[in-house]
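The next block holds one structure in the form of structure tokens; read it before the comments.
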Amino acid sequence: MGWFSAEISTMKDLFLHGLQDIYYAEHQIEKSLPDMIKKASDAQLKKGFQMHLKQTRGQIKRLDRAFKALKEKPKGTKCPAIDGIIDEANEIAGEVDDKVVLNAALIAAAQAVEHYEITRYGTLTAWAKAMGHSSVAKLLHANLNEEKATDKKLNTLAKTKVNRK
């Protein structure tokens, strides 16, 4: 079911679909991060990916709590957008032999993922507030803040170190 599916007719349907979308995305990210950790040769980048894997697991737990608060079963719905971002990252990483260039490619791929998550969490937080789900909005906003912080760290690492090499 996509965003413009006939099965989505109310804001509740749209909101629930968005939660399922990001739930699926977080699980796909959790699966892909160990490979990114292995491929990173920069110690700071490797450590950042390890920290983000831990954060991702915490974000999934928050999403589980959000579903519970809404009295819904936690489940994902296939998200072609995140699948495409991850597939593209894997394809590019497989083509790069130079370790320094690979680190730059990994950062770019990670930032594409972060930007996707930021848009989803921003929208979902706003919708949760509008629908009167303040406790859910707080959980989603916590995830949003972590995604923004991760993006900022990646950007700083790229600008000050990796891209310069």
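For the reader, a short list of remarks on this structure follows.
- Principal axis dimensions, the chain - Cα atoms, whole angstrom, descending: 50, 28, 21
- Accessible area per residue for the chain, computed on protein heavy atoms with a 1.4 Å probe, is 54 Å².
- Total formal charge among the other residues, if their Cβ is under 13 angstrom from that of GLU72, Lys/Arg +1 and Asp/Glu -1: +4
- Residue-wise HN-Hα coupling along the range 13-26, computed from phi with Karplus coefficients 6.51, -1.76, 1.60 (Hz; x: Gly, Pro): 4, 5, 4, 4, 4, x, 5, 5, 4, 6, 5, 4, 4, 4
- Tilt relative to the chain, helix 43-69 - C-alpha long axis, 0 to 90 degrees, to 10: 10
- With Cα atoms, 0 to 90° folded angle of helix 99-130 axis to the chain main axis: 10
- Annotation: aspartates and glutamates with alpha-carbon distance below 18 angstrom to LYS54 (same-chain offsets under eight excluded): GLU26, GLU30, ASP35, ASP64, GLU114, GLU117, GLU146, GLU147, ASP151.
- Angle in degrees between helix 80-95 and the longest Cα principal axis of the chain, rounded to the nearest 10: 10
The values are calculated or read from the model by the stated rules, or taken from the named source; none is laboratory data. Nothing here was measured: the structure is a model prediction, and the numbers come from that model. Quick reminder, even Gly has a Cβ in these numbers, built from the backbone with ideal geometry, and neighbours come from all protein chains shown. Accessible surface is based on the protein model in full, side chains and every heavy atom, while ligands, DNA and RNA are left aside. Shrake-Rupley method; radii C 1.70, N 1.55, O 1.52, S 1.80 Å.
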